[in-house]
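Encoded as structure tokens, the structure appears first; notes follow it.
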Amino acid sequence: MTGRTPRTVRVLTSLVLVAGAVALVAGEHIGRQVESSIARWLLHALTGATVLPAGASTVPAVVFQSGDLQWNVLEITVECAVAYVLAALVMLGAALALVPRFGPLRVVLATAVGAALLVLVNQVRIVLLALVLAHGGVGPFEWAHSFAGSVVSLFGLAATLFVVFLIVIRPGTGRRTSPQAGPTPGVQA
Amino acid sequence: MNAFVAIVNTVAVMVIALSLVYFLTAMIAGIHELRRAGAALPVQGDAVYERPFDREPGSFDVYFLVPCLNEEAVIGPTVRALAGGRRSTTIVIDDGSDDDTALIAEREGGPATTVLRRTLPDARQGKGAALNAAFGLVLDLVAERGQDPERVLVCVMDADGRLSDGALASILPLFEDPTVGGSQLAVRIRNRDQNFLTRFQDFQFWSMSAVTQFGRRKTGTVSLGGNGQFTRLTALRELGTEPWSASLTEDLDLAISLVANGWRLETTPDASVDQQGVESLRRLVVQRRRWYQGHMTAGGRIGEVWSNPSIPHARALEVSAYLSVPWLFDLPWSILWHWTLASLVLRADSQFAWATSVPAALIGGFLWYLVTFAPAIFTTIVYHRRDRRIGWPTAILMGHAFVVMNYLSFVCAWGALIRMVRGRTGWDKTTRTADEPRPAATPA
């Protein structure tokens, strides 16, 4: 068991992550504003669409002009935002950080990668919704929003969790005393 | 209020996503392991359970332990089938039966069968205690016969358990790997045609459980199930003179002990064991509640696995995930399922906003079904492929029965929790009935 991270470091790492999760929930409105800003930038960069700055809307939203010169407002609600799911992921990271066999750095890395993936998935979802609204109108948007969007979110989250666990359990992070360690057949009690 | 709803929804989504990751990973790993072993989903689908010693390599001495409490209805054929091995001994543990279990076992088992009679107050202390009593006898017999303990296996069988033809030929080679401490065979329900409940048990065991167990070969954490369960004698000896615990799921407890000691637990696609399914709902609830209680209690042993630095992370994580299933999935989901259902109904206008016309409703409804019921569709296909004799209607019915059968899990998980809180750890043994005459085996 040599080389294990001291308990204090693990507990501190976990506490920092818990604090991060609480901050994400408490400041979810700020999170939504950040998300809408990224989405605005992405939409403009990818499609060249005209987007209005954050101040154009009283709520966190992506305000953009579609091809027919119509203005569209895509509001980022609490349930559309990634903050709460992100907080849940960070709480998972906090729990994993307490486990002696996992290095805290590896757990923090896995949580950070997971968080980045979640934000990315939600950005892809928002931008796709904006494109569907711009090019297809309200009908197709309802499809994309209530059905496809949920599927993307759920499978995106599942894939993210898979990646997080994969990073955490990857060989090389363990504190194994010997690669040959294992059962000792024939040893009597 | 909005924040509360969002938080509960987030918890629901997390539970669904975590279970999706575990379920899909295990199922896909299982199918991959089957292919790696040169097998396919239909393997053993039409197995016959009569001659387990066909092509037996005779490379190990095998002691079959059959704990019995009033098993006169089924014990005869079981010991008869186990009597044909070149290097096997059957020990029937009569745990204080009121019926003719011991008499029938002696009569049908022949010279290779020993009946270990336990009487009250020692008897009827649970399956673990009965197995521990027989373990002492095994050690004595091994010493008396001058057998090499390294080449001795102990197999636990239920009184109604039957090994598939040629089972030993597939199992014994697994133990040539010195890191393998135990092996569990896939379970088939013999009376699956009896009623809906027995069919559903067969679906659970043969479709989901068997395939995920194959997947667990990757981490060496195949769960032991107490029937068709082989363990290396030397691995058991490491656990002392009483390797089986008093837990309600002594088999799961043994699996944790072996994994914690660094042993790999294996299975094979080329052999299986069949047993009776429970035919009445009341008895099924009692049985499953006992399993849940044992499983939930075993959760407290996660630390033992995690504290052994020689166990790979993947193995420790898989065992932890498995032990956490009732706590992380079943109990929370029993509440969140109704929350999700209520949300779906109360917010139907926005949830089904895409249903703006009949064609849109039809196409959208179909796509919604495909996504929402994806695991059910997956297991339907797997069950149909696992045994080609199972028609699509039956497979579809079983695959979708979870909508109703989830409630069995909910009732049993909560029942187990209540018993745990009240400190009740009594053993409710599953009652078995005489088998119907077996029809001739039909090819797939």
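The values are calculated or read from the model by the stated rules, or taken from the named source; none is laboratory data. Being a predicted model, the structure only gives us computed values, none of them experimental. Counting neighbours? That spans all protein chains shown, and the Cβs are built from the backbone with ideal geometry, glycine included.
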**Message:** Among the numbered criteria (1) within 14 Å of chain A (Cβ to nearest Cβ); (2) in contact with a helix residue (DSSP H, G or I) (Cβ under 8 Å, 6 or more places away or on another chain); (3) at pLDDT below 95, which one does residue B:232 miss?
**Reply:** (3)
**Request:** Looking only at segment B:24-44, decide whether some residue is of a type outside the set (Gly, Ala, Ser), in contact with a Pro (Cβ under 6 Å, 6 or more places away or on another chain) and surrounded by fewer than 21 Cβ atoms within 10 Å (Cβ to Cβ).
**Result:** yes
**Request:** Test residue B:109 against the stated conditions and say whether it is under 22 Å from residue B:57 (Cα atoms) and either in a helix (DSSP H, G or I) or at pLDDT 90 or above (or both).
**Result:** yes
**Complete:** Considering segment B:363-397, residues that are assigned to a loop (DSSP other than H, G, I, E, B) and more than 14 Å from chain A (Cβ to nearest Cβ), and then whichever is farthest from the chain's Cα centre (by Cα), we arrive at B:391
**Asked** For segment B:45-60, which residues satisfy the criterion of being among the acidic types (Asp, Glu) and surrounded by fewer than 18 Cβ atoms within 10 Å (Cβ to Cβ)?
**Response** B:46, B:50, B:54
**Message:** Condition first: more than 20 Å from residue A:31 (Cα to Cα), without any contact (Cβ under 8 Å) to a residue 40 or more places away in the chain and more than 11 Å from every other protein chain (Cβ to nearest Cβ). Can you find one or more residues in segment A:91-103 that meet it?
**Reply:** no
**Request:** Could you please let me know if residue A:158 is in contact with a Phe, Trp or Tyr (Cβ under 9 Å, 6 or more places away or on another chain), over 21 Å from residue B:365 (Cα atoms) and not basic (Lys, Arg)?
**Result:** no
**Message:** So if I check each of B:224, B:239, which one is touching a helix residue (DSSP H, G or I) at 6+ places or on another chain (Cβ under 7 Å), closer than 15 Å to residue B:183 by Cβ and in contact (Cβ under 8 Å) with a residue 12 or more places away in the chain?
**Reply:** B:224
**Prompt:** Between a first residue in segment A:1-28 that is of a type in the set (Phe, Trp, Tyr) and a second residue that is surrounded by 13 or more Cβ atoms within 10 Å (Cβ to Cβ) and at pLDDT below 95, which pairs have beta carbons less than 7 Å apart while being 6 or more apart in sequence or on different chains?
**Reply:** none
**Message:** On the basis of being modelled with pLDDT under 95, buried (at least 17 other Cβ atoms within 10 Å of the Cβ) and hydrophobic (A, V, I, L, M, F, W, C), does residue A:87 make the cut?
**Reply:** no
**Asked** Only one of A:94, A:112 is part of a helix (DSSP H, G or I) and within 17 Å of residue A:159 (Cα to Cα); which?
**Response** A:112
**Message:** Could you check segment B:113-126 and list, in sequence order, the residues that are over 20 Å from residue B:250 (Cβ atoms) and under 28 Å from the mean Cα position of the chain (by Cα)?
**Reply:** B:113, B:114, B:115, B:117
**Request:** For segment B:8-29, state whether one or more residues are at pLDDT 90 or above, more than 10 Å from every other protein chain (Cβ to nearest Cβ) and closer than 22 Å to residue B:164 by Cα.
**Result:** no
**Message:** Going by what's in this entry, would residue B:342 be described as under 22 Å from residue B:20 (Cα atoms), hydrophobic (A, V, I, L, M, F, W, C) and more than 10 Å from chain A (Cβ to nearest Cβ)?
**Reply:** yes
**Prompt:** In segment A:43-64, what residues are part of a helix (DSSP H, G or I) and buried (at least 18 other Cβ atoms within 10 Å of the Cβ)?
**Reply:** A:43
**Prompt:** Name the pairs: first residue in segment B:146-170 and within 14 Å of chain A (Cβ to nearest Cβ), second residue among the hydroxyl-bearing types (Ser, Thr, Tyr) and assigned to a loop (DSSP other than H, G, I, E, B), Cβ to Cβ under 8 Å, at least 6 apart or on different chains?
**Reply:** B:151/B:59
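Is segment B:257-268 home to any residue that is surrounded by fewer than 22 Cβ atoms within 10 Å (Cβ to Cβ) and more than 14 Å from chain A (Cβ to nearest Cβ)?
Checked segment B:257-268: no residue is surrounded by fewer than 22 Cβ atoms within 10 Å (Cβ to Cβ) and more than 14 Å from chain A (Cβ to nearest Cβ).
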**Asked** Is it true that some residue in segment B:183-193 is more than 26 Å from residue B:321 (Cα to Cα), touching a residue at least 60 places away in the same chain (Cβ under 8 Å), away from chain A (no Cβ under 14 Å) and of a type in the set (Asp, Glu)?
**Response** no
